[in-house]
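The values are calculated or read from the model by the stated rules, or taken from the named source; none is laboratory data. What you see is a predicted model; the values in this text were computed from it and never measured. When we count neighbours, we look across all protein chains shown, and the Cβ atoms used for this are built from the backbone with ideal geometry, even at glycine.
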C-alpha cells in the first residue's frame, strides 16, 4: 500500500541556523521559510534528489510541534510521511488492522494541500507516521 | 554535497512484529532479516519506490543500538543516511565547518559495505546523521 517516502520531518529549535546547516555544511538545496499558519509550523524544505527533508519550527501559540520541542530542546526527527494512492482506503485498512488514526480518525488537509492522516506512534514502533494521498 | 536519502533507520523492540507491521498493515515490500554481526544489528529492509526504511534490532551483546532501545523501549527513528559522492571530501568539509565526526573521525565500512561516517547529533538539530559514499 505505501508508496514513496514523501518526507522526513525534523523539528528544530532555530530555523535559520538549521537552514544554514543544511545549505552550507551539508550543501543541500533549501527553500525560503514558509509559514503554514493553519498547521502551526514554519517549514523549510530541503530538496534531495529522491525525497525531501522538512525542517519544522513552531509557528503561533498552539503549534502541534511545540510539545515535541519542549521535550527535545535540541530538536529531533518528528515523523516520516509515506504516500498512498487513496487516503480513505488507507484509513479503512489501518482501522481494520487495529492501528489508531490520530484525532477523530478522519483525514485532514495537510501542509501540502493534500489529504493526510497521522498514525499513533505506539502502533508503529515508536514512530509517528503520516500518510499523504499522492 | 549531500545526494539521495539512502535510508531512514528505525530501531524496533520486536523485529518480527515490526516486519509484519510494515508488510501486512502498511503493505510494503520487506526483506528477510539479515544479521550484520560486525555492526551489532539485525536488519530488515523495507523497500519503498524512492528509498529504504531499515528496521534495526540489536544483535549480540555490544550492539550500538542497544542503548537507544533501552532509552526508547517502544523503538523510534534512530538516524537518517544521506549519500555523498566522496566520503573523504565529505569528512574534510564537515571538519572544516566545525561539525564533529563520531568515533576517531575516520570513515568506516558500513552496513552496505561502503564507507560511512556518523555526525554528532548535537551538531545536526538533535538528529544522528550518517553519510555514505554512493
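Here are some conditions: (1) in contact (Cβ under 8 Å) with a residue 60 or more places away in the chain; (2) in a strand (DSSP E or B); (3) away from chain B (no Cβ under 13 Å). Residue A:80 meets all but one. Which one does it not meet?
(3)
Which of the residues belonging to segment B:97-114 are assigned to a strand (DSSP E or B) and surrounded by 18 or more Cβ atoms within 10 Å (Cβ to Cβ)?
Kept after step one, since they are assigned to a strand (DSSP E or B), are these residues of segment B:97-114: B:101, B:108-109.
B:101 - this is the single residue of segment B:97-114 that is assigned to a strand (DSSP E or B) and surrounded by 18 or more Cβ atoms within 10 Å (Cβ to Cβ).
Taking the residues in segment B:115-134 that are assigned to a loop (DSSP other than H, G, I, E, B) and touching a helix residue (DSSP H, G or I) at 6+ places or on another chain (Cβ under 8 Å) as candidates, determine which candidate is nearest to the other protein chains (Cβ to nearest Cβ). Spell out how you get there, then give the answer.
Keep residues of segment B:115-134 that are assigned to a loop (DSSP other than H, G, I, E, B), which gives B:120, B:124-128, B:134.
From what is left, the residues that are touching a helix residue (DSSP H, G or I) at 6+ places or on another chain (Cβ under 8 Å) are B:124-125, B:127-128.
Numbers: B:124: 7, B:125: 4, B:127: 6, B:128: 9 Å.
So the residue we want is B:125.
Take residue A:128 and decide whether it is in contact (Cβ under 8 Å) with a residue 24 or more places away in the chain and in contact with a strand residue (DSSP E or B) (Cβ under 9 Å, 6 or more places away or on another chain). Talk me through it step by step, then tell me what you get.
On the way: in contact (Cβ under 8 Å) with a residue 24 or more places away in the chain: yes; in contact with a strand residue (DSSP E or B) (Cβ under 9 Å, 6 or more places away or on another chain): yes.
Taking the combined requirement at face value, the residue satisfies it.
Looking at residue B:51, is it closer than 30 Å to residue A:85 by Cα, touching a strand residue (DSSP E or B) at 6+ places or on another chain (Cβ under 7 Å) and either more than 9 Å from chain A (Cβ to nearest Cβ) or modelled with pLDDT of 95 or more (or both)?
Working: closer than 30 Å to residue A:85 by Cα: yes; touching a strand residue (DSSP E or B) at 6+ places or on another chain (Cβ under 7 Å): yes; either more than 9 Å from chain A (Cβ to nearest Cβ) or modelled with pLDDT of 95 or more (or both): yes.
When the stated conditions are applied, residue B:51 passes them.
Kindly list, by first and then second residue, each pair from a residue in segment A:56-73 that is more than 14 Å from chain B (Cβ to nearest Cβ) to a residue that is loosely packed, with under 14 Cβ neighbours inside 10 Å and outside any helix (DSSP H, G or I), limited to pairs with Cβ atoms under 7 Å and residues at least 6 apart or on different chains.
Taking only residues 6 or more apart or on different chains, the pairs are A:59/A:35.
Return the residue satisfying two criteria in turn: it lies in segment B:14-63 and is touching a helix residue (DSSP H, G or I) at 6+ places or on another chain (Cβ under 6 Å) and under 20 Å from residue A:120 (Cα atoms), and of such residues it is surrounded by the fewest Cβ atoms within 10 Å (Cβ to Cβ).
For segment B:14-63, the residue satisfying everything is B:28.
Could you identify the single residue in B:88, B:94 that is assigned to a helix (DSSP H, G or I), away from chain A (no Cβ under 14 Å) and closer than 30 Å to residue A:20 by Cβ?
Details: B:94 fails: away from chain A (no Cβ under 14 Å).
Residue meeting the stated conditions: B:88.
Suppose we keep only residues that are in a strand (DSSP E or B) and more than 7 Å from chain A (Cβ to nearest Cβ) within segment B:4-20. Which one would you say is farthest from residue A:3 (Cα to Cα)? Give the derivation first.
Step one: of segment B:4-20, the residues in a strand (DSSP E or B) are B:5-11.
Checking the rest, the ones that are also more than 7 Å from chain A (Cβ to nearest Cβ) come to B:6-7, B:9, B:11.
Working: B:6: 16, B:7: 15, B:9: 17, B:11: 21 Å.
Step by step, filter segment B:4-20, then rank; the result is B:11.
State which residue is nearest to residue A:83 (Cα to Cα) when the search covers only segment A:21-41 and only residues that are assigned to a helix (DSSP H, G or I) and more than 10 Å from chain B (Cβ to nearest Cβ). Break it down stepwise before answering.
Within segment A:21-41, the first condition is being assigned to a helix (DSSP H, G or I), and the residues that meet it are A:21-25, A:37-39.
With more than 10 Å from chain B (Cβ to nearest Cβ) added as a condition, the list becomes A:23, A:37-39.
Numbers: A:23: 26, A:37: 23, A:38: 21, A:39: 19 Å.
Ranking the candidates gives A:39 first.
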